[in-house]
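What follows is a short report on a single structure.
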Amino acid sequence: MVPKDLRYTKEHEWVRVEGDMATVGITEFASEQLGDIVFVELPEIGRTVTQFAAVGVIESVKAVSDLFAPLTGEVVESNSELSTAPELLNSDPFGKGWMLRMRVDDAAQVGALLDAAAYEALTSEA
Amino acid sequence: MTYGPHTAEDRAQMLRAIGVDSVDDLFADIPASLRSSGLDLPAPEAEVDLAARLSELAACNRVDLMSFLGAGAYRHFTPPVVDQLLLRSEFYTAYTPYQPEISQGTLQTIYEYQSLMAELTGMDVVSASHYDGATATAEAALMTCRATHRERVLVSRGVHPHYRQTICTYFAGASLVADDIPLVADGPDAGTTDLAALERLLADTDHPVAGVVVANPNFLGLLEPMAEIGRLTHAAGALFVSVVEPVSLAVLASPGEYGADIAAGDGQPLGIPLAYGGPYLGILACREALVRGIPGRLVGMTADIDGKRAFVMTLRAREQDIRRDKASSNICTNQALCALAAAIYLGALGPHGLRDVAALGAARASELETALAAAGAPRIHPGPYLNEFAVRVPDAAAVHSRLIGRGILAGVPLARLLPDEPTLADGLLVCATEVTTQAEIAAFAAALGDELAGSGRGATKQRGADR
């Protein structure tokens, strides 16, 4: 089960859109697939990011994966707790494991994201 | 009888299975102009004949010369224990084993290498080696770009010209920019990195600088103001890469002490014999903050489930077998055997022994300076050096070549390696180490004195005049 009020990407990220702000994290499915996460590299505050471009890195004991920007906009905050406690991505991916907050340039881009049902269908195939 | 592992039938079967007609078809993606047109090999020869011919070719190498050549590769005495241990079959490979943790001994030797090199460079993290100093330096330059998200590095013209070329090769493929920092032309700082120029280059905010690469001692043997360069570099938000010669670190300040972020260099002086281009050893070390950006293998120490000391490959996830095209490097490998040689060499000499090697080399170089100056070849640059320096010799290339005829390898004519530095056109770069003898220095000075006094040529003329 994934939270119904969020949008998702095929890269297993979740997005909470509130007005022109969006909060981004990775899904429980992603954190389980990655295994123990040991390090995250997040984009610096103020950086302009482009929808679906790689903006950071998530490193687990067995793999290093890119973090993609789900939307185009400016990074306004990143979760500094993750630098000392990256395990929050495993223990609470939809909550304390949030990764970044961004100001969204074009709300229409949200339409390109999956809703909960579509994302659930995607992960049940996997 | 064929020595190939696959018969023609094996190959045909494999090609059929994947649906291509020939092995060449597998390379169709590479433009024809870049493909080899085949090897132009002579007809086969009997082993006895071939061995004789190769011996004859090998005999063309001059191994009898008194050598004053350095320029990036240095003669040193290697205690026999180094080669003796290297010949052990457990160690006799350049590679880390697959399933590395099963080879605890190999991992331990790599860990020892890393620890010794960390102590020598004053850095927190050392990768388990690269091909050579040039590639390690290029990887260091790439690290600065990844870490800062900037695309331009500044490289002092005091960095070995081959290293600079290697940086350009790596950068061309990555669409990054490497700009030169000029050397001071004259005055007390002649031959060292031009700090005023560096400041100007760093001030170009349209093209922010990722890293500044400077060698100490530099290619001309001179000591650079590393702490000041580090300060200017950091003030511009860039990372400071120090290119080092490892033996010198026994007596000079380490990169860690003067604030470098990354140290790179060639480990050849540490127990690895001189060879035409290698195999040598690339040293790459950095501060802990950059640990996730350093390419290559890292071995760590931990405890196993029984609490016993164990060695592991660590931070593997950014290497090419896992991270593929996004790996921190797709060019590097390690030189485990050469790294082991360096570790044994350092272990055999100890810190005091290494200091003796560096100090004796410096003392011999000072004697060489005095002797060559008396023979008419003064130093070009006034600044301090350790064991290598440039002297001014009119018609340097010709004199160099005539000295080979007298059994002396008088370093290297600088015009050969730095053709675009007109002030060095008549320079010879010479070097001394602990194995340079006072007799050799005297012989070199005498022969050079003869050449400069014209008596070398004069004697020939004299004979001509007698006829």
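Each value in this text was obtained by applying a stated rule to the coordinates, not by laboratory testing. All values reported here derive from a predicted model rather than from experimental measurement. Reconstructed Cβ throughout: ideal geometry from the backbone, glycine too, with neighbour counts over all protein chains shown.
Structural remarks
- Efficiency of FRET from Cβ geometry, B:ASP325 and B:ALA443, R₀ 56 Å, rounded to 0.05: 0.50
- Residue (of A:LEU114, B:PRO182, B:LEU154) at the positive-pole extreme of the protein assembly as shown, dipole from beta-carbon charges: B:PRO182
- Based on every Cα atom in segment B:106-258, Rg and the maximum pairwise Cα distance Dmax equal 15.2, 51 Å.
- Radius ratio Rg over Rh of segment B:80-345, counting only Cα atoms, Kirkwood formula for Rh: 0.98
- Stretching the chain fully between B:ALA59 and B:GLU367 yields a gain of 107.6 nm (0.36 nm per residue, less the alpha carbon separation).
- Cα-based reach from A:LYS4 at 13 Å (exclusive), listing aspartates and glutamates while leaving out same-chain residues under 8 positions away: A:ASP115, A:GLU120
- Taken residue by residue and averaged, Cβ atoms of other chains lying within 10 Å of the Cβ of B:291-297 number 1.
- Whole-percent pair-distance distribution, where bins are 20 Å wide, for the alpha carbons of the protein assembly as shown: 17, 42, 31, 9, 1, 0
- Using a Förster distance of 45 Å, the FRET efficiency for B:ALA289-B:ALA43 (Cβ separation, nearest 0.05): 0.15
- Given +1 at the Cβ of Lys and Arg, -1 at the Cβ of Asp and Glu and no other charges, the dipole of the protein assembly as shown around its Cα centre is 1440 debye to the nearest 20.
- Percent of C-alpha pairs per 5 Å bin in segment B:227-277, short distances first: 5, 19, 25, 19, 12, 9, 7, 3, 0.
- Local charge for B:PHE311 was computed over the other residues whose Cβ lies under 14 Å away, with Lys and Arg +1 and Asp and Glu -1, and equals +1.
- Efficiency of FRET from Cβ geometry, B:ALA196 and B:VAL312, R₀ 56 Å, rounded to 0.05: 0.70
- Compactness of segment A:11-73 is given as radius of gyration and Dmax, 11.9, 37 Å, from Cα positions.
- Relative contact order %, chain B, counting alpha carbon pairs below 8 Å whose residues are six or more apart: 20 percent
- With only Cα atoms counted, chain A has Rg and Dmax values of 13.3, 37 Å.
- Phi-based couplings in Hz for segment B:159-176 (Karplus 6.51, -1.76, 1.60; Gly and Pro marked x): 7, 3, x, 5, 5, 4, 5, 5, 4, 4, 4, 5, 6, 4, x, 9, 6, 9
- Environment charge of A:GLY46, counting only residues whose C-beta is closer than 15 Å and scoring Lys/Arg +1, Asp/Glu -1: -1
- Judged by the mean number of other Cβ atoms found within 10 Å, the most tightly packed of the peptides B:53-61, B:358-366, B:414-422, B:234-242 leads the ranking B:234-242, B:358-366, B:414-422, B:53-61.
- Within chain B, DSSP assigns beta bridges of which about 55% are antiparallel (rounded to the nearest 5).
- Proportion of all alpha-carbon pairs of chain B beyond 41 Å (%): 27 percent
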